[in-house]
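Asker: My questions will all concern the structure given below.
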Amino acid sequence: MNHTVKHTGTFGSLKHLNRLPQAKKEQIYRALVPDAIIDDKRWRAEGRKEPFIHYVCPVDLGLVRIKVQRLLSDRDSIFFLQAADTPYGQLELTLCMINDIDSRRFDVDVDPGGRDNCLATLTRNMPEEIRAMKAGLCPHQVRSGLGLFSDFFSRFDRFAAWLGVDTIVAEPLSYNTAILYEQLGFGYLTGYHFMQWIDREFRRGGMLAKRLDGSTPFRQPDMGRTVRGRSWAIHDGILQRSWDGIRIYKVIGRSADINTFPDQMW
């Protein structure tokens, strides 16, 4: 199934693209959803030929949200994307989540009382986080993924080029996200030396390695060896400073060739 849309001009921004008629916008934005999601019969409700796809792309706003669901009543989306224009003519990838909605759910996105905690950025649900970590998930994940983020990002990169934007920017939600973006060709606007410091201090004899003292489930001695282990320890506060402030970018069609965890294992 090919939903690539060709256009003879460039819009330069989501705001200008969103001035198109709704049906035309949806046809264009649909190309951002991996075909593997659209074509997989697991993600269709009985009697449907594809999942439900909901688009938010308001006229004269530089914003798009795409939500793909098997059922409209489902708690989690199979695919969720939010992107926005920046004041500097860039395209910001605000959030992308791709979930195996048939996998076990871990309620890390709500506090123990059931209140939304903004994907564990405000408060933490420790019992659920421990279960998620033991199941092999990374911080902020509520379910296992589908292994389709690279496919999605290739589409997003091509979309940005077609749109007429030369740079994608993002703020990685966690350490493992930053490493994943490095693998996709991103460099750092801010935070590169911080990421190098993290790598150095998680190695034998380093400050962070010494803090992996078993004092919490997220600070076991061998966790500095893997991306996932480091990410959980950082989520647990081992840095003793905020993770915020890391901002990354990718020039369309180029790779920054950065790797701040050279011998990484996930």
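What follows is calculated from the coordinates using simple rules that are stated; it is not laboratory data. This is a predicted model, so every value here is computed, not measured. Glycine also receives a Cβ, built like all others from the backbone with ideal geometry; neighbour counts cover every protein chain displayed.
Asker: Shape verdict for the stretch 1-133, please, from the Cα gyration tensor: rounded (a/c under 1.5), prolate (a/b greater than b/c) or oblate.
Answerer: Oblate shape, in that a/c is at least 1.5 and b/c is the bigger or equal ratio.
Asker: Let me ask you something else. Take the alpha carbon gyration tensor of the stretch 160-266, find the square roots of its eigenvalues, order them as a ≥ b ≥ c, and report rounded if a/c is under 1.5; if not, report prolate when a/b exceeds b/c, else oblate.
Answerer: Prolate is the answer for the stretch 160-266, as a/c is 1.5 or above and a/b outweighs b/c.
Asker: For the chain, what does the helix formula give at 222 nm: sum of -39500 (n - 2.57) over DSSP H segments with n ≥ 4, over the residue count, nearest 500 deg cm²/dmol?
Answerer: Working: 9 runs with 75 residues, N = 266.
Rounded to the nearest 500, it is -7500 deg cm²/dmol.
Asker: Could you list SER77, SER231 so that the one with the fewest beta carbons within 10 Å of its beta carbon is first and the one with the most is last? Mind showing how you got there, number by number?
Answerer: On the way: SER77 19, SER231 25.
Exposure proxy ranking, most exposed first: SER77, SER231.
Asker: Determine, for ASP236, ASP213, the number of other Cβ atoms within 10 Å of each Cβ, and report the residues in order from fewest to most. Let's see the in-between values first.
Answerer: Values: ASP236 20, ASP213 11.
Arranged by neighbour count, lowest to highest, ASP236, ASP213 become ASP213, ASP236.
Asker: Near LYS250, which aspartates and glutamates are there with a Cα under 14 Å away, not counting those fewer than 8 places off in the same chain?
Answerer: Answer for LYS250, where 14 Å is the Cα cut-off: GLU92, ASP157, ASP166, GLU171, GLU182, listed by chain and number.
Asker: Straight-line reach only, C-alpha to C-alpha below 17 angstrom: list the lysines that LYS25 could link to, leaving out same-chain residues fewer than 8 apart.
Answerer: Straight-distance partners of LYS25: LYS6, LYS15, LYS67.
Asker: Rounded to whole Hz and in sequence order, give me ³J(HN,Hα) for the stretch 132-138 from the Karplus expression 6.51 cos²θ - 1.76 cosθ + 1.60, θ = phi - 60°, writing x for Gly and Pro.
Answerer: Here the 3J(HN,Hα) series is 5, 4, 5, 7, x, 7, 9 Hz.
Asker: Right, something else. With the chain treated as a Gaussian network of Cα nodes joined by springs under 10 Å, which of GLY237, GLY164, GLY114 yields the largest mean-square fluctuation?
Answerer: Judging by the Gaussian network model, the answer is GLY114.
Asker: Once both axes come from the Cα atoms, what is the angle between helix 149-163 and the longest principal axis of the chain, in degrees from 0 to 90, rounded to 10?
Answerer: On a 0 to 90 degree scale, this one is about 50.
Asker: Given bins 5 angstrom wide, list per bin the percent of all Cα-Cα distances in the chain, short to long.
Answerer: Per 5 Å bin, starting at zero, the Cα-Cα P(r) for the chain comes out as 1, 6, 12, 15, 17, 16, 14, 10, 6, 3, 1, 0 percent.
Asker: Hand me the chymotrypsin sites (Phe, Trp or Tyr not before Pro) from the stretch 1-102 located in a DSSP loop with no more than 12 other Cβ atoms within 10 Å, in residue order please. All intermediate terms of the calculation are to be shown ahead of the outcome.
Answerer: Numbers: sites: PHE11, TYR29, TRP43, PHE52, TYR55, PHE79, PHE80, TYR88; in loops: PHE11, TYR88.
Filter output for the stretch 1-102: TYR88.
Asker: So which residue, out of ARG254, ARG211, ARG70, gets the largest mean-square fluctuation from a GNM of the chain using Cα contacts under 10 Å as springs?
Answerer: The residue with the greatest mean-square fluctuation here is ARG254.
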